[in-house]
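The values are calculated or read from the model by the stated rules, or taken from the named source; none is laboratory data. Just so it is clear, the structure is predicted and the values come from calculations on it, not from any experiment. As a convention, Cβ positions derive from the backbone with ideal geometry for all residues, glycine included, and neighbour counts pool all protein chains shown.
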Amino acid sequence: MTGLPGLVVILCLLQYSDGAVTFTGPGSPAVKTGDQTVTVSVVETSVDSATIFTVAATTDSGSVAFTFAADGNPDSIASSTITSGAVKLAAGKTLDKETKSSYTFKIVGTDSAGFATLTVTLTVTNKLEFAKTSYEVCVADGTVAGTLIGTYTAVDAVTGTDTVTYTNTPTTDLTVDANTGALKVTTGRALTSATSGGYTTTITADQTATTGAVSADGTTVVKVTVGGCSGAGQIQFMAILLLIPLLITRLF
């Protein structure tokens, strides 16, 4: 093909190429224009607006705007608006591996010359979770070394080939048993009411596995208050006793 017709065709091809959307994230998509498919993973979470993954793309035709395809936001798990490429967890939603372990998103990248679709297969990775994210404990003044403050273990179901170990920080006054999660007063220390604000430590659960995937670490915070425990308990109990006649009167 020569002459003016050939030149027109070449110019059209160049214009199409310049305007093509090329996805560059999440992960490492193949460097090509047009539709692409990638696989990513994320640790389970229930934090509103937590970023699940971030989409990125390049183009020679202005900027790229991202939207979900009609069937591209499964279970409406993500916020409907994609800002700066960030796909975020919708309010009130939870990524829970035990409930659903994978999602398939379809995201459309549009520039001034056209669009392309990115299909993202998301795998939800398990996270070791405690029954609570934090615990509050009250002990007597002068609680001695070796006293058990409580046992804190991950409640996730793990297979027989998995081993969960526990560490804590700081360990100055409280130390957790690596195998059982039992938290005790550190050797040579005592818990006293003279310590302003009590004692706080963060326990971390870590999983190693001989087979299969390894869960992400999980944490919980234990805060220990010293002194006044039984007195507060007695006051609460007396308040309940005093309320009983009033409740009976209102009921009958």
- Task: Out of the residues in region 123-137 that are part of a strand (DSSP E or B) and at pLDDT below 95, state the one that is surrounded by the fewest Cβ atoms within 10 Å (Cβ to Cβ).
- Result: THR123
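Being among the small types (Gly, Ala, Ser), within 27 Å of GLU98 (Cβ to Cβ), exposed (fewer than 14 other Cβ atoms within 10 Å of the Cβ) and touching a strand residue (DSSP E or B) at 6+ places or on another chain (Cβ under 9 Å) is the filter here, so list the residues in region 51-82 that pass it.
Step one: of region 51-82, the residues among the small types (Gly, Ala, Ser) are 56-57, 61-63, 65, 69-70, 72, 76, 78-80.
Now narrow it down to the ones that are within 27 Å of GLU98 (Cβ to Cβ): 72, 76, 78-80.
When the remaining residues are screened for being exposed (fewer than 14 other Cβ atoms within 10 Å of the Cβ), the result is 76, 80.
Residue satisfying the conditions is SER80 alone.
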- Note on the structure: Log entry, pairs with first residue in region 215-228 being over 18 Å from VAL185 (Cβ atoms), second being in a strand (DSSP E or B) and acidic (Asp, Glu), beta carbons closer than 7 Å, six or more apart or on different chains, reads ASP217/ASP206
- What are the residues in region 208-226 that are exposed (fewer than 14 other Cβ atoms within 10 Å of the Cβ) and part of a strand (DSSP E or B), if any? THR208
- Task: Among the candidates ASP48, ASP60, ASP18, single out the residue that is of a type in the set (D, E, K, R), touching a helix residue (DSSP H, G or I) at 6+ places or on another chain (Cβ under 7 Å) and modelled with pLDDT under 90.
- Result: ASP60
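Being in contact (Cβ under 8 Å) with a residue 24 or more places away in the chain, farther than 15 Å from VAL108 by Cα and within 19 Å of the chain's Cα centre (by Cα) is the filter here, so list the residues in region 59-77 that pass it. Quick ask: steps written out before the conclusion?
Of the residues in region 59-77, the ones in contact (Cβ under 8 Å) with a residue 24 or more places away in the chain are 59-69, 71-75, 77.
Still in the list and also farther than 15 Å from VAL108 by Cα: 60-62, 75, 77.
Selection gives ASP75, ILE77.
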